[in-house]
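The structure appears right after this line, and notes come after that.
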Amino acid sequence: MSAKFYACLSLLCLLALPFSFSGCKPKQPDPQPTVVTGVAKVVGSTSAVIDVITSNSTLLQEIGICYSTTNTTPTRSDATMSATVRNDTTSIRITGLLAGTTYYYRAYIVNNQGETNYGQVREFTLITGFLLTADLTLYALTATKTLYFLDARTGKQIWAFTSIDKFTFADNALYVAADKTISCLEARSGINRWEIAIPNNLRNLMVVNDLLYAIDSAGKLIAIETATGKIRWTFVGKALFYALPTIKDGVLYITSSKTLYALSATTGQTQWKSTADVSTLASPAVANGTVYAMDLNGGLVAFDASTGQKRWDFLDERSTYYRNWSSPFVANGLVYFTGITPYGEYRATFFALDAATGQKRWTYLLSGGYLSATPILAKGLIHIGSYGEYMALLPDDKKGLLTSLDAITGEKRWALPDDKGLGSPVSVDGVLYIGNTSPYPDKGISHLYALAADTGKQLWSFELGEDLVGSALLVRNGSVVGTYPTDSGAGR
């Protein structure tokens, strides 16, 4: 047939179509909304937050969670908590739950035609008395916001909470920050003493006497009464706060953008402030009327604790600032700190100075070049966690390292290599507890270790999966025990 015939046939086909170029295919119906039930994020012992994950949320008129303690496939006929449809992931908070109870739950959606669909069934348990189930309990928070409770003697897991931003423990209570709330959980019953909403998530928490001190993501320092949850005072520096304060004799010392502040720990009133090149990333140390703060250039500055007057400063050719979050500490008439070598070497040097004069007593060159960990003193040894930098290092230096030095002479007693970086250790009863922390999240599985402090012998290990955040925390008989990085547990 001629080309003219085919051209005419094609024209007739086009004229027979609707006034569009969708071809002869029928119009596809709108995709139906779907729903997935998120994992419950247990917050305290009476509430939980659950994500409802949907598609095509504009076609929905209602979403929610249905839950039951008896019905293993709950429906909207059981207890429900609904929410306004805003986007494809909506967090729903359920309150008034019972401690020690298992709940079955699933997400549901109602489309614009009034039809109900359900996600998969999940369950969670709000347990009672979980905080004091071992003679010595260890708490460890990971980068994925999972808070593990372990028997510190055996390394066996007791329980775990998810979606925890920060935590601390004091006087038979666990303080948990999650989802812009702070909860105080009673250790023996597991129930909430109080819970408050806050405008921002938290960076750090610590308890001293009757106040909980918190630094939020906006860099504000907040003091909260531990008995009631009432905010007693807030303080805003000229720039953001990052590292926890150190409290000594009723005075709170904290750094912010080249300024060292001394505040009343009870009222938040400024007693003095001193302008110097102090680091915002490290907590100060306080001993014998002197405040020691890291210098922005990798050195150390000493101030009179009563007046803020500078007493001395120290800067060595081997201490040039580079990503140093490590805090100083004082013992044996010496002040210890870590400096980072100049660009190109990326090795950390550990310094021991005369605490009164700032004169150098000894140094030790570490293999790891990036320290966010703060060392501790235990069994007469200084234990330093570190890890190699990603640039200009020999192959042997790319592993993490726990180094133990004689506190008086600086001589190495033992060292423990690891495939990943090692963070801030804690110690009690002659045992060190230390976990992996590293800028390389894809570089192997992270663990928490228990080691003999005098020899480094491994007693047990626990697979965390993700890096440890800060250091672990140890509790015996409702009280925090052990040796921690810097005063007041700052650096935890």
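The values are calculated or read from the model by the stated rules, or taken from the named source; none is laboratory data. Keep in mind it's a predicted model, so treat the numbers as computed, not measured. Because the Cβ atoms are built from the backbone with ideal geometry, glycine has one as well, and the counts that use them run over all protein chains shown.
Miscellaneous remarks
- Taking segment 143-178 as the range and being touching a Lys or Arg at 6+ places or on another chain (Cβ under 7 Å), under 17 Å from Val469 (Cβ atoms) and outside any strand (DSSP E or B) as the test, the residues that pass are Thr162, Ser163, Ile164, Asp165.
Matching residues to (1) free of Cβ contacts under 8 Å to residues at least 60 places away in the same chain; (2) surrounded by 18 or more Cβ atoms within 10 Å (Cβ to Cβ); (3) within 23 Å of Val208 (Cβ to Cβ):
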residue	(1), (2), (3)
Pro245	no, yes, yes
Tyr253	yes, yes, yes
Val278	yes, yes, yes
Asp304	yes, no, yes
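- Of the residues screened, Tyr321 is not one that is outside any loop (DSSP other than H, G, I, E, B) and either at pLDDT below 95 or touching a Ser or Thr at 6+ places or on another chain (Cβ under 7 Å) (or both).
- Looking only at residues of segment 329-355 that are more than 26 Å from Ala305 (Cα to Cα) and part of a strand (DSSP E or B), we find that the one that is modelled with the highest pLDDT is Thr349.
- Residues that are surrounded by 24 or more Cβ atoms within 10 Å (Cβ to Cβ), at pLDDT below 75 and hydroxyl-bearing (Ser, Thr, Tyr) within segment 385-434 comprise just one, Tyr387.
- Subset of segment 121-142 that is part of a strand (DSSP E or B) and aliphatic (A, V, I, L, M) - its residue that is modelled with the lowest pLDDT: Leu126
- Near pairs, Cβ below 6 angstrom, 6+ apart or cross-chain, from segment 57-81 (acidic (Asp, Glu)) to any residue that is surrounded by 14 or more Cβ atoms within 10 Å (Cβ to Cβ): Glu62/Ser82; Glu62/Val110; Asp78/Cys66; Asp78/Ser68; Asp78/Asn71
- Some residue of segment 439-447 being modelled with pLDDT of 90 or more and either assigned to a loop (DSSP other than H, G, I, E, B) or under 22 Å from Tyr242 (Cα atoms) (or both): no
- Extreme residue, farthest from the chain's Cα centre (by Cα), among residues of segment 27-37 that are modelled with pLDDT of 80 or more and surrounded by fewer than 19 Cβ atoms within 10 Å (Cβ to Cβ): Gln32
- Flag if Val330 is closer than 27 Å to Ser471 by Cα and under 26 Å from the mean Cα position of the chain (by Cα): yes
- Qualifying positions in segment 448-476 - surrounded by fewer than 16 Cβ atoms within 10 Å (Cβ to Cβ), assigned to a strand (DSSP E or B) and at pLDDT 90 or above: Ala452, Gln458, Leu459, Ser461
- Among (1) assigned to a strand (DSSP E or B); (2) touching an Asp or Glu at 6+ places or on another chain (Cβ under 8 Å); (3) closer than 27 Å to Glu195 by Cα - the single one Asp51 does not satisfy: (2)
- Pick from segment 307-316, criterion part of a loop (DSSP other than H, G, I, E, B) and within 33 Å of the chain's Cα centre (by Cα), ranking: modelled with the highest pLDDT: Gly308
- Consider segment 160-197 and keep the residues that are charged (D, E, K, R) and within 27 Å of Asp135 (Cβ to Cβ). The one that is surrounded by the most Cβ atoms within 10 Å (Cβ to Cβ) is Lys166.
Yes or no, residue by residue, for (1) over 17 Å from the mean Cα position of the chain (by Cα); (2) closer than 21 Å to Asp179 by Cβ; (3) β-branched (Val, Ile, Thr):
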site: Asn209; (1), (2), (3): yes, no, no
site: Leu212; (1), (2), (3): no, yes, no
site: Thr226; (1), (2), (3): yes, yes, yes
site: Phe235; (1), (2), (3): yes, no, no
site: Phe241; (1), (2), (3): no, no, no
site: Ile247; (1), (2), (3): yes, no, yes
site: Gly250; (1), (2), (3): yes, no, no
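Here is a yes/no grid of residues against (1) of a type in the set (Val, Ile, Thr); (2) not in a strand (DSSP E or B):
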{"site": "Thr70", "(1), (2)": "yes, yes"}
{"site": "Met81", "(1), (2)": "no, no"}
{"site": "Val85", "(1), (2)": "yes, yes"}
{"site": "Thr90", "(1), (2)": "yes, no"}
{"site": "Tyr104", "(1), (2)": "no, no"}
{"site": "Gln113", "(1), (2)": "no, yes"}
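- Lone qualifier among Arg76, Arg106 - being surrounded by 16 or more Cβ atoms within 10 Å (Cβ to Cβ) and basic (Lys, Arg): Arg106
- Scope segment 246-286; condition touching a helix residue (DSSP H, G or I) at 6+ places or on another chain (Cβ under 8 Å) and hydrophobic (A, V, I, L, M, F, W, C); matching residues: Ile247, Ala285, Val286
- Verdict on Lys258 being within 25 Å of Arg311 (Cα to Cα), surrounded by fewer than 21 Cβ atoms within 10 Å (Cβ to Cβ) and in contact with an Asp or Glu (Cβ under 6 Å, 6 or more places away or on another chain): yes
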